[in-house]
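Student: Here it is, the structure in full.
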């Protein structure tokens, strides 16, 4: 059958997970659930 994955949360982790799942296996149906229409972040801002 078709592989389906739902990623809940479109923050840095969720968006990265959805992206790399599709790269790993393009046949996987990936749905990203995020209520906000835009995402802005500086992922390494706490590394200073």
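Student: Please work out if residue 32 is under 14 Å from the mean Cα position of the chain (by Cα), surrounded by 14 or more Cβ atoms within 10 Å (Cβ to Cβ) and not in a helix (DSSP H, G or I).
Tutor: Yes; evaluated as a whole, the condition is true for this residue.
Student: Condition (residue is in contact with a strand residue (DSSP E or B) (Cβ under 6 Å, 6 or more places away or on another chain) and surrounded by 10 or more Cβ atoms within 10 Å (Cβ to Cβ)) applied to the range 36-48: is it met by at least one residue?
Tutor: No, the conditions are met nowhere in the range 36-48.
Student: For residues that are touching a residue at least 24 places away in the same chain (Cβ under 8 Å), part of a loop (DSSP other than H, G, I, E, B) and either farther than 28 Å from residue 42 by Cα or in contact with a strand residue (DSSP E or B) (Cβ under 6 Å, 6 or more places away or on another chain) (or both), tally how many sit in the range 1-29.
Tutor: Total satisfying the criteria: 5.
Student: Go through the range 35-48 and report how many residues are assigned to a loop (DSSP other than H, G, I, E, B) and without any contact (Cβ under 8 Å) to a residue 24 or more places away in the chain. Show your work before the answer.
Tutor: So in the range 35-48, the residues assigned to a loop (DSSP other than H, G, I, E, B) come out as 35-44, 48.
Among the residues that remain, those that are also without any contact (Cβ under 8 Å) to a residue 24 or more places away in the chain are: 35, 37-38, 40, 42, 44, 48.
Total satisfying the criteria: 7.
No value in this document is a laboratory result; all are computed from the given coordinates. This one's a predicted model, so the numbers in the text were calculated from it and none came from an experiment. All Cβ positions, even for glycine, are placed from backbone atoms using ideal geometry, and neighbour counts span all protein chains on display.
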